[in-house]
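> Next up is a structure, given as structure tokens.
The values are calculated or read from the model by the stated rules, or taken from the named source; none is laboratory data. Since the model is a prediction, treat every value here as computed from it, not as a measurement. Here the Cβ positions follow ideal geometry from the backbone for every residue, glycine too, while neighbour counts run over all protein chains shown.
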Amino acid sequence: MENAALVGSIATTLGVLSSTGFFAMNTTINYVTMPTLLLGAPIRADAETDKSTFFSTVLGEPLTSRHPRASREAILPSTPVPVSRITHLNRQWKELYWRGHRYGPVSSIFSTSCFLAAAWCTRPRGSLSGGLMQIAGVNVGLRTCIYVAAAACAFFAGPYTLIVMVPGANDELHARGDRVAAREGLEGKKADKSSSASKDSGSDDEEETLRLITKWVYYSKVRAAAGGIAALLGAVGSYL
């Protein structure tokens, strides 16, 4: 009994730490790294246009009637168009993706395993009087339910990424990045004389790339929230 309690405490601690790391990493990317990469140019003091229309939100979007909270979310006055080339932003996004890809899935699986182990070790023993219910002959108490819920939230990141984020933004951003890399490699060997003629079509493509990056940040916020909820549930379970 004491050994099971000790294993449960260790598993809970590891699960909370792993989920907290997952939440912190994704939140930093969503609210610090990406807004900085998407930051527009500073507003000129002699600009005739109303500066309030150029305040950017955390995603670099202009202040409009569709975003009434933009002025409260703004940090620095800037134009809504990122300073960096969109193709370079796509390359930076791919680097962030692959760096996070090394840690995110491992953290999700590890946290899920830890919380499930904690749920098993803290299940009520003996009669059903100490449990809320009995499932397949196993007593299930409040702490058990909380740890199972924490495991579900930690595991949520995997299916959510594969079902929502990959087809919704990831695949297309990777494909666009690969095409840009191939195109720039060819242009490095031979200058494209028709670049000025195709400038307008390129801008349309860049607008779509920027929209996909912005969409990915929204998706990533949902995934980060799941990790934060898992850590919170694990911490609550440890104090019951």
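> Which of (1) closer than 21 Å to A224 by Cβ; (2) modelled with pLDDT under 85 is the odd one out, the single condition A149 does not satisfy?
Tallying (1) closer than 21 Å to A224 by Cβ; (2) modelled with pLDDT under 85, A149 fails exactly one: (2).
> Let me ask another. Taking interchain pairs and intrachain pairs at least six residues apart, which have beta carbon atoms under 6 angstrom, with the first residue in the range 36-48 and closer than 20 Å to V217 by Cβ and surrounded by 11 or more Cβ atoms within 10 Å (Cβ to Cβ) and the second modelled with pLDDT of 70 or more and of a type in the set (S, T, N, Q)?
Correct list of pairs: L37/Q92.
> Under 6 Å by Cβ, and 6 or more places apart or on different chains, what pairs join a residue from the range 156-183 that is farther than 20 Å from G104 by Cβ with one that is part of a helix (DSSP H, G or I)?
R176/N90; R176/T209; V180/T87
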